[in-house]
Structures are given as C-alpha cells and as structure tokens.
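These notes are about the structure you will find just below.
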Amino acid sequence: MVEETQIPTPIPEPPATAPAGQTPPSTANSALVQPPLPNVASSLPIPPPPLVRPPLATPILPVVPPIAPIPVPPPSVIRPLAPLPIRPPVVRPPPLPTKNGEANGSDSGSDQEGSVDPSSTLEYEITEESRIVRERHEKAMQDLLTKRRAYALAVPTNDSAVRARLRRLGEPITLFGEREMERRDRLRMIMVRLDAEGQLEKLLKAHEDEEAAAATPVEEGDEGPQSYPFYTEGLKSLLEARIEIAKYSIWRAASRLERARRRRDDPDEDLDAEMDCVLKQAGDFTLNCSEFGDDRPLSGCSFSNDGKLLATSAWSGSIKLWSMPQVSKVATLKGHTERATDVAFSPINNHLATASADRTAKLWNAEGTASFDKTWRLWDVNTGEELLLQEGHSRSVYGICFHRDGSLAASCGLDALSRVWDLRTGRSILALEGHVKPVLGISFSPNGYHLATGSEDNTCRIWDLRKKKSLYIIPAHSHLISQVKFEPQEGYFLATASYDTTAKVWSARDFKPIKTLSGHEAKVSCVDITGDGQYIATVAHDRTIKLWSCGSNGKNAMDID
C-alpha cells in the first residue's frame, strides 16, 4: 500500500521591477508594454494544512520455513591409473626362405604393410607358476612315453647277447656290482636314449652286425658266437617238479569244482544263509587276549593249519611259537642274524618257513620266497634245492602267495605291480596294473578266482582272474595297508592290516566294512585268520600280539574240510 503525498502547486514569481529613477528593461516585443500584475499571493486562498494520517499497520505474513539447500556433491578426485606392465619383447622366428632364397613377403612390400597376419598379433603372457606346472607336466609325459618306448623295444634276454649288444654300441659291457637283470635294464635305457636322439642308424648297424655274425658259417677251430634259446634252460629237477605240480593242481582243481557243484545243487545247502551267519559272527569280533611278543617290533604272524599254534617273527631275528588260544609261549627259534621279515606255516605237516633281512630263508622241521633283488625263488622242501629263480619285477618283490590248487603263484612288489605266474610252465600269465604306489600284501581267495592286494596308496583292490581286471576298489584305511588275508575256508570275509594302528574286516559279498579291530598303539604289520574263521591274530610295532575272537562259544558256522 503506497502513502499519498500532496504535491504543491508552483506559484509564478512577479516580474522584476526597476528601482526608482531607472528605466525597466525592454523586451523583444517592444511595441507591447506589459501591464503590471496584481498581487497574486494576496489574492489566492490559503491552502489547508496537509492531512496527517496515522501509519498503516504492517500486514502479518505467514512464516514459511526455510528450504534446505540442495547438497552439492564434492568434485570427484580422479585417481591415477596403475602403470601397465611392460611386456617382454616377443621374439618371432625369422621368415622362412622361399625357393628363390628370399624371405616370405619380400616380393610384395605393400601387401605386407597393408595386411597383418592375425595369428602374429596374438601374444600370451604365462606366469611363473603356470610355466613350472607346464614343465612338470611335460616332464611327466616325457617319462611316460620313455617307459612305453622302452618296454616296446626288443632287448635280448641272454646275458651274453646283452654284453655283445653293449659292446657293439660302444658301452661298457658291465659295471661294478652289476647283475644280469640290471645290465639288461641298462641296455634298454641306452637303446631308448639312442632312439630318442635319432641315432637309429647306430642301433640298426648293431643289429645288422649281430645278424651277420649269426649267419656267418663257423669254421673248424673257430668257436664263433654261440646260439642260445629264447628261454633259459632249466634243471631236470625243475621239470620233474613242474610235472608233479601239474598233477597235484589238476586233482585239486577238480575237487574244488566238484565241491562247488555239489553245494550248488544240494537243496539242503543254503549258501546265502551260511554267509549271512558267518558275516554276523565276524561283526562280533572282540579282543580276547593281548601279549607282549618280543623286545623289538613284530613283523609277521601265521596260524598253523589246525589253528593250535601261532608263529611270530620280530626285528630281533627270533621266531616264536605260541599255543592257542591261551597265547602262551611254546618255543623260540633262533638262526637269523638280521631282523626276521615274515613267517608262514605250510598247508600240511606244520612246516615253518621264515625270511630275514640277512638274505636267507630257513625251513624249520614246495614253497616260494620273495626278495629285494627283484626276484622270487622256488625251492624243494625235501632236498633244499633251488628249483627256479624267477625275474619279472622292475623293483623289489615284497610278497608272494600260492593258489589253493597249487598251480598259480602271485607276487607283488615295490613297482606297484602284481603278477600271476603259472608254476607248471613258468610263465607270467597276468600283470595286474592299477595301484599307484608299492603293493605290500597279496592273497588268493579260496573260491579260486578272486585276488586281493593291499598297497601304500591306502586302498585294497579285488581282482577277478576270470575277467582279468579290477573288480572293486576298497578305500580301506587312512594309511598304507601292510597285509591282506582272506578267510581261508570259504573266503566269506577279508581282513586288512594297516599302519593307521587298526585292522578291519570286510564282507566278501559286497566288500563293505563289518568290524574295525582297534587296540594297537602303533603300526599293525601283519594279520592272519584261523581255518575255521573263529580267531584273528594281529601283530604290531608296539611289540604286542592281539587275539580277536568272534564269541561264538564253539558253534562254528563252517565245517573245515
């Protein structure tokens, strides 16, 4: 609202009059004389005094809350980027020369500038870890290919031929302390190395020289190269032993098959119910007795055929006999000068065989022995004569067992390989490959076609000899398996011993665990089962013998044949 103000009217001023005795000034229009103006101020009315109005009240406006200011984001600070890694210079191979001797692409310089090979622009950076892993993988593949190539080469088996081949290749024919098998392995590796280096001409020349020497007629008085058979000639006693083994094994195999047919066709025989009963009893194994066996760790144990005696071997070199089931010492056999590694009773006559680190095997009162010299040997019990020295493993042989029929032998070794041998012909009829670490225990099943092996890879494998392959893999223990053993009567269950201080019982039907035998305080080195399946004995490095019984109170589920 605007306040009103009164604007005063201007009052014209009277003209200036000349003082007395003077003439008034003339104007432009001198013809006209302006008359004197009257006194206007006295004649005008007096204006009224201005109105004084009270001040108007200021209107009250509503209070509006202040509006919060809009926040302005602070200016973003641009962080400096990390410097890019400097790529190492890529060394490209020089261009291949053409037929004219010029480098590829030299004829068309403009085309080379305009077109770029897309494959040449792909550059990859490999970290140090990736490079190391790749080199390790390539080395493993190279070793595998080398081994395959080595076993594919034809290497002479006769030692004289091996020496002759080494001489033609310019290599020493023998080294200090080298044996025949080691010399043959050395020749094999030399041939593989020459083959890998591309020196096939040297190998072919050596082979041609051998053929030429063999084809040259021998003059009178000149001995010349001697011809030899592919197989090593054996003794006459070995031939007679193989004939006896063949006769015995045929009779045993026929009896086993006849018994299996009779039990299958007999309506009174319920094999499933019998197996269920045996497995139920096996699940009730409990610790019956514990006894200190020696002052040093125990390495092996074996029950006699009638189950009345238990033999144990120890690192002290002593062999002890214990009566069952009281586990009381009967006798101590001393003869080994080093630690005894294993002990076994014969199937008949209770003959006792022991092995030791003093490189001897002793018979106390036809068996086989295994050795760290990569061989196993067959001996005549009656005469003590060595009938057969069998090679076949590339590393030390750790265990051996015989088939129930007597025709087959199975060996296992530190080369992670198990082999099945035909004792009637002396041939290796089956090589069982599957374990990735040394095989330490092996056992035939009484059914005749199953074989169990235990290894340092903590697994137990079941092999089917009919299918010639692994039937089942048991992840048995958390440490290496030192021994495996089938129940000797029917093979209804399997026992394994391990360095995890436990022994376990497994069903032979589906190979599931039945019982864990815990009680030892150190590595369990061996396990054995009586013929009726009522007792299990374990020995360990804690120097104790533990006897486990199923608690059937003499009610056997199986009748011993």
Checklist entry - acidic (Asp, Glu) and modelled with pLDDT of 90 or more: does that describe Asp532? => result no
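Okay, residues lined up against (1) modelled with pLDDT under 70; (2) within 27 Å of Pro156 (Cβ to Cβ); (3) open to solvent by less than 80 Å² (accessible area, probe 1.4 Å); (4) in a helix (DSSP H, G or I):
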residue: Thr232; (1), (2), (3), (4): yes, yes, no, no
residue: Ala253; (1), (2), (3), (4): no, no, yes, yes
residue: Arg259; (1), (2), (3), (4): no, no, yes, yes
residue: Pro267; (1), (2), (3), (4): no, no, no, no
Next on the checklist: Kindly evaluate Asp500 against the criterion of being open to solvent by 20 Å² or more (accessible area, probe 1.4 Å) and either assigned to a strand (DSSP E or B) or modelled with pLDDT of 90 or more (or both).
Outcome noted: yes
Checklist entry - If we keep just the residues of the range 311-351 that are among the hydrophobic types (A, V, I, L, M, F, W, C), more than 19 Å from Leu547 (Cβ to Cβ) and buried (at least 17 other Cβ atoms within 10 Å of the Cβ), which is modelled with the highest pLDDT? => result Trp315
Checklist outcome for this item: Reported set for the range 515-543 where residues are surrounded by fewer than 20 Cβ atoms within 10 Å (Cβ to Cβ) and in a strand (DSSP E or B) is Thr516, Ser518
Checklist entry - Across the range 391-402, what is the total count of residues that are crowded, with 21+ Cβ neighbours inside 10 Å and in contact with a Gly (Cβ under 8 Å, 6 or more places away or on another chain)? => result 5
Checklist entry - Which one of the conditions (1) assigned to a loop (DSSP other than H, G, I, E, B); (2) within 20 Å of Ala495 (Cα to Cα) does Asn350 fail to meet, given that it meets all the rest? => result (2)
Next on the checklist: Go through the range 442-465 and report how many residues are farther than 13 Å from Leu430 by Cβ and among the hydroxyl-bearing types (Ser, Thr, Tyr).
Outcome noted: 4
Item to check | Failed item, numbered, when Leu153 is tested on (1) farther than 30 Å from Gln390 by Cα; (2) aliphatic (A, V, I, L, M); (3) modelled with pLDDT under 80 | outcome: (1)
Checklist entry - Of all residues in the range 324-353, which are among the hydroxyl-bearing types (Ser, Thr, Tyr) and within 16 Å of Gly531 (Cβ to Cβ)? => result Ser346
Item to check | Leading residue by the ranking (nearest to Glu244 (Cα to Cα)) among those in the range 388-417 that are polar (S, T, N, Q) and in a strand (DSSP E or B) | outcome: Gln390
Next on the checklist: What pairs come out if I take residues in the range 457-480 that are closer than 14 Å to Glu433 by Cβ and among the small types (Gly, Ala, Ser) and pair them with residues that are outside any strand (DSSP E or B) and open to solvent by less than 70 Å² (accessible area, probe 1.4 Å) whose C-beta lies under 7 Å away, six or more apart or interchain?
Outcome noted: Ser470/Gly434
Checklist entry - In this structure, does Trp421 turn out to be more than 25 Å from Tyr492 (Cβ to Cβ) and among the aromatic types (Phe, Trp, Tyr)? => result yes
Checklist outcome for this item: Scanning the range 503-513 residue by residue, those in contact with a helix residue (DSSP H, G or I) (Cβ under 7 Å, 6 or more places away or on another chain) and surrounded by fewer than 20 Cβ atoms within 10 Å (Cβ to Cβ) turn out to be Ser507, Arg509
Next on the checklist: What's the number of the only condition in (1) at pLDDT below 85; (2) more than 36 Å from the chain's Cα centre (by Cα); (3) within 15 Å of Gly300 (Cβ to Cβ); (4) of a type outside the set (Ser, Thr, Tyr) that Ala355 fails to meet?
Outcome noted: (2)
Next on the checklist: Residues that are at pLDDT below 90, in contact with a strand residue (DSSP E or B) (Cβ under 9 Å, 6 or more places away or on another chain) and hydrophobic (A, V, I, L, M, F, W, C): does the range 440-461 have at least one?
Outcome noted: no
Item to check | Answer residue from the range 466-497, given it is in contact with a Gly (Cβ under 7 Å, 6 or more places away or on another chain) and in a strand (DSSP E or B) and is nearest to Leu430 (Cα to Cα) among those | outcome: Ser470
Checklist outcome for this item: For the range 437-450, pairs from a residue that is on the phi > 0 side of the Ramachandran plot and among the charged types (D, E, K, R) to a residue that is modelled with pLDDT of 90 or more and not in a strand (DSSP E or B), with Cβ under 7 Å and 6 or more apart or across chains, are none
Item to check | So Arg168, is it within 20 Å of Glu233 (Cα to Cα) and open to solvent by 80 Å² or more (accessible area, probe 1.4 Å) | outcome: no
Next on the checklist: I want to confirm something. Restricting to the range 405-428 and keeping residues that are among the basic types (Lys, Arg) and more than 15 Å from Ala253 (Cβ to Cβ), which single residue is most open to solvent (accessible area, probe 1.4 Å)?
Outcome noted: Arg427
Checklist outcome for this item: Within the range 286-301, restricting to residues that are polar (S, T, N, Q) and over 34 Å from the mean Cα position of the chain (by Cα), the one that is least open to solvent (accessible area, probe 1.4 Å) is Ser290
Checklist entry - Mind checking which residues of the range 496-530 are out of contact with any Phe, Trp or Tyr (no Cβ under 7 Å at 6 or more places or on another chain), within 18 Å of Phe444 (Cα to Cα) and acidic (Asp, Glu)? => result Asp510
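The values are calculated or read from the model by the stated rules, or taken from the named source; none is laboratory data. Worth saying up front: this structure is predicted, and the values here are computed from it rather than measured. Neighbour counts run over all protein chains shown; Cβ positions are idealised from the backbone, glycine included. For accessibility, only protein heavy atoms count, side chains too; no ligands or nucleic acids. Shrake-Rupley method; radii C 1.70, N 1.55, O 1.52, S 1.80 Å.
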